[in-house]
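Below is one structure, written out as C-alpha cells; the observations come after it.
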C-alpha cells in the first residue's frame, strides 16, 4: 500500500497539471493589460505594486491577460484618501456577453470623515441584484488591507483580511443561477461613479481634490487558467476549502451582526412579492459544511 501511495499520487498530480494550467502568484506587468487611463496606471517594484489614478480627464484600470474558471484571488488595497466622494475603486471578476457572470468587490468613496462602503454583488447568467454592502471596521485609506474572492464550483466566499464577510452557495440544482461555466477575467479599476456611488448620486465628484489615487500590491491568484470554454478547469478546487471552520463562521457572524449596511435578502420593499429563494434559508451559516 505504501508503494502504491507514494508512486501514484505524484503521477495523478502530473496528469492533472498536464491538462490544467494554474496561475500561482501574480505580477502586474506579466498578468495584466492596461485597459484605460494610459500613464495613470503606474506599475512599480518589478510588477509587485501599482497605483491607479483618476483626474479630470480619465480614470484608469487593468484587466487580466488570462481568463479563469475557479480560484482564489487576493489583492492588498489602500483606498483613495480624503474626499473620495463619487469615486469607485473596484476589484472584480467578469465574463463577457449579455448573460455574463460577475463577482464584484467595489469601494464607494465618501466625503472626508465619512466611511467608505464596501459593496459586493454576484451575477450569474446575466442575473444580478444580489447586492450586500458593508462598513469596514478600520480606515481603508490609512494602510493596505487584503481583499479576497474565493470561487469554486460549490460556493463563493468574499473575505477581508481573511475574515469571511459573504458566502453564496451553488444552488443550481433548484434553479438559482451560479457562475460555473463562463471563464472570467480579473479587473482592477478606479473610475467616476458619481451618478450613483455616493448617497445614490446626491454627492458628486469634487475635481478640486484630484488627482485621486488608489494603491495596490501583492496580487495573488491560485486559479485555473481556462482554455477554450474552460473544460480543463471543471474539477479545479472542487474538493478543497468548500466550507468554513467554526472559527470562520463566528468571525462572519460578527461581521453580519455589526457591519452590514444593505442586504438584498432584507429588502422587503424591493421583493414585496417574496424574497429570492436563496434568501429564504433559515440560517446561511448552517448550510456551510
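The values are calculated or read from the model by the stated rules, or taken from the named source; none is laboratory data. The structure presented is a predicted model; accordingly, all values stated were derived computationally and were not measured. Glycine gets a Cβ as well: all are built from the backbone with ideal geometry, and neighbour counts include every protein chain shown.
Give the number of residues within region 123-170 that are closer than 21 Å to residue 76 by Cα, in a strand (DSSP E or B) and out of contact with any strand residue (DSSP E or B) (no Cβ under 9 Å at 6 or more places or on another chain).
1
The conditions are (1) touching a residue at least 40 places away in the same chain (Cβ under 8 Å); (2) within 22 Å of residue 264 (Cβ to Cβ); (3) buried (at least 19 other Cβ atoms within 10 Å of the Cβ), and residue 159 fails exactly one of them. Which is it?
Residue 159 satisfies every listed condition except (1).
Every residue in region 194-218 that is surrounded by 14 or more Cβ atoms within 10 Å (Cβ to Cβ), over 14 Å from residue 81 (Cα atoms) and in contact with a helix residue (DSSP H, G or I) (Cβ under 9 Å, 6 or more places away or on another chain), please.
Those that are surrounded by 14 or more Cβ atoms within 10 Å (Cβ to Cβ), over 14 Å from residue 81 (Cα atoms) and in contact with a helix residue (DSSP H, G or I) (Cβ under 9 Å, 6 or more places away or on another chain): 194, 217.
Can you tell me which residue within region 49-73, out of those that are closer than 19 Å to residue 233 by Cα and out of contact with any helix residue (DSSP H, G or I) (no Cβ under 8 Å at 6 or more places or on another chain), is surrounded by the most Cβ atoms within 10 Å (Cβ to Cβ)?
Residue satisfying both the conditions and the ranking: 73.
If you go through region 31-43, how many residues are outside any strand (DSSP E or B) and under 25 Å from residue 225 (Cβ atoms)?
1
Within region 172-193, take every residue that is over 18 Å from the mean Cα position of the chain (by Cα) and not in a loop (DSSP other than H, G, I, E, B) and give me the one that is surrounded by the most Cβ atoms within 10 Å (Cβ to Cβ).
Top of the filtered list is 192.
Could you check, for region 224-235, whether at least one of its residues is in contact (Cβ under 8 Å) with a residue 60 or more places away in the chain and closer than 30 Å to residue 84 by Cβ?
no
For residue 236, work out the one condition from (1) crowded, with 19+ Cβ neighbours inside 10 Å; (2) over 20 Å from the mean Cα position of the chain (by Cα) it doesn't fulfil.
Residue 236 satisfies all of (1) crowded, with 19+ Cβ neighbours inside 10 Å; (2) over 20 Å from the mean Cα position of the chain (by Cα) except (2).
A quick yes/no check of all residues on (1) loosely packed, with under 14 Cβ neighbours inside 10 Å; (2) within 20 Å of residue 217 (Cα to Cα):
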| residue | (1), (2) |
| --- | --- |
| 105 | no, yes |
| 121 | no, no |
| 125 | no, no |
| 129 | yes, no |
| 133 | no, no |
| 136 | no, yes |
| 142 | yes, yes |
| 145 | no, yes |
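Which is part of a loop (DSSP other than H, G, I, E, B), surrounded by fewer than 17 Cβ atoms within 10 Å (Cβ to Cβ) and either in contact with a helix residue (DSSP H, G or I) (Cβ under 8 Å, 6 or more places away or on another chain) or modelled with pLDDT under 95 (or both), of 46, 97, 7?
After applying the criteria, what remains is 97.
Looking at 76, 106, can you tell me which residue is assigned to a strand (DSSP E or B), touching a strand residue (DSSP E or B) at 6+ places or on another chain (Cβ under 9 Å) and within 30 Å of residue 231 (Cα to Cα)?
So the residue among 76, 106 that is assigned to a strand (DSSP E or B), touching a strand residue (DSSP E or B) at 6+ places or on another chain (Cβ under 9 Å) and within 30 Å of residue 231 (Cα to Cα) is 106.
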